[in-house]
Amino acid sequence: MTVELVKHSAADTDVLWAARVSTAGEQSLDELHKDPERSKGLINYLMRDRHGSPFEHNSMTFFISAPLFVFREFHRHRVGWSYNEESGRYRQLEPVFYVPDESRKLVQQGRPGKYEFVEGTQAQQELVGRVMIDSYQHSYEAYQEMLAAGVAREVARATLPVGLYSSMYATCNARSLMHFLGLRTQHELAKVPSFPQREIEMVGERMEAEWAKLMPLTHAAFNANGRVAP
């Protein structure tokens, strides 16, 4: 997976001036030049009591490369997000496919909503790698065969599996990112448990690491209040 922060306008002071306009009017812009550390109590209050709109006045744009099945889950997050994705209609797709490494737990136990994943055997790991690679090779050869015969890219791409990598730009604000993280990461501080697919969680973890550097006080308040989006 690739996650790169390519553009941003995001700082803890964005939360403060947005919140203080309700009582200070245009003087709230003074917060831009003050140390946000002195007002971390306000940020925590807004998070705790779920006054969410001050967390929307910022922006982060990420370049993300991940398997198609990750993007299909990603696009369920619509409020506060903007996406532009690589198109299989307009360009020939590259043969880059996802094969899980040995850190990926393979076996699911339990019932839906209350299951866990456990380590697979060496034989299962070898099976997953062999079968996936074989399937990918056959599907991409079929894709190339159709393209060579003059079949349109938008038709030929139908033979490609969801393990194919795609790329996109995803833009969000801190509030929409917190909602995403609350659902797509598993964390010991979370009040509400989540059971995300590991691959989208990996993307979420890398996005969170970048956001935490931009807005450390907001990130700390998010963790301190159970990782629930305000």
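Worth pointing out:
- The Cα trace of the stretch 54-178 gives Rg and Dmax of 18.1, 55 Å, the first to one decimal, the second as a whole number.
- Sequence of THR218, THR61 when ordered by accessible area, the most exposed leading, probe 1.4 angstrom: THR61, THR218
- Using heavy atoms of the protein chains and a probe of 1.4 Å, the accessible area assigned to ASP35 is about 90 Å².
- With the simple spin-label model, which puts each label point 7 Å out from Cα in the Cβ direction, the ALA152 to SER87 separation comes to 1.2 nm.
- Averaging the Cα positions of each part gives two centres, and for the stretch 123-146 and the stretch 28-100 these lie 33 Å apart.
- Relative to the dominant Cα principal axis of the chain, helix 122-148 is inclined by about 80°.
- Counting only DSSP beta bridges with both residues in the chain, the antiparallel share comes to about 100 percent.
- Angle between the chain longest axis and helix 198-214 axis [Cα atoms, degrees, rounded to 10]: 30 degrees
- Under the combined filter of DSSP loop state and at most 14 neighbouring Cβ atoms within 10 Å, the stretch 109-216 retains these GluC sites (Glu not before Pro): GLU119, GLU188.
- Helix-only mean residue ellipticity at 222 nm for the chain, each DSSP H run of n ≥ 4 adding -39500 (n - 2.57), per residue, nearest 500: -13000 deg cm²/dmol
- The candidate values are (i) -0.77, -1.03, -1.29; (ii) -0.68, -1.05, -1.41; (iii) -0.65, -0.92, -1.18; the one derived from this structure for log10 I(q)/I(0) by the Debye sum over Cα atoms at q = 0.12, 0.15, 0.18 Å⁻¹ carries the label (i).
- Our summary of shape: the Cα atoms of the stretch 155-197 have principal axis extents of 45, 23, 12 Å, ordered from largest down, in whole angstrom.
- Longest stretch of the chain clear of exposed loop sites (trypsin sites (Lys or Arg not before Pro), DSSP loop, at most 11 other Cβ atoms within 10 Å, sites excluded): 92-190.
- Nearby lysines by direct alpha-carbon distance to LYS34 (threshold 22 angstrom, same-chain neighbours under 8 apart not counted): LYS213
The values are calculated or read from the model by the stated rules, or taken from the named source; none is laboratory data. Just so we're clear, the structure is a prediction, and the values are computed from it rather than from any experiment. Cβ sites come from the backbone with ideal geometry, for glycine too, and all protein chains shown count toward neighbours. To get the accessible areas, we keep the full protein, side chains included, count just its heavy atoms, and leave off ligands, DNA and RNA. Shrake-Rupley method; radii C 1.70, N 1.55, O 1.52, S 1.80 Å.
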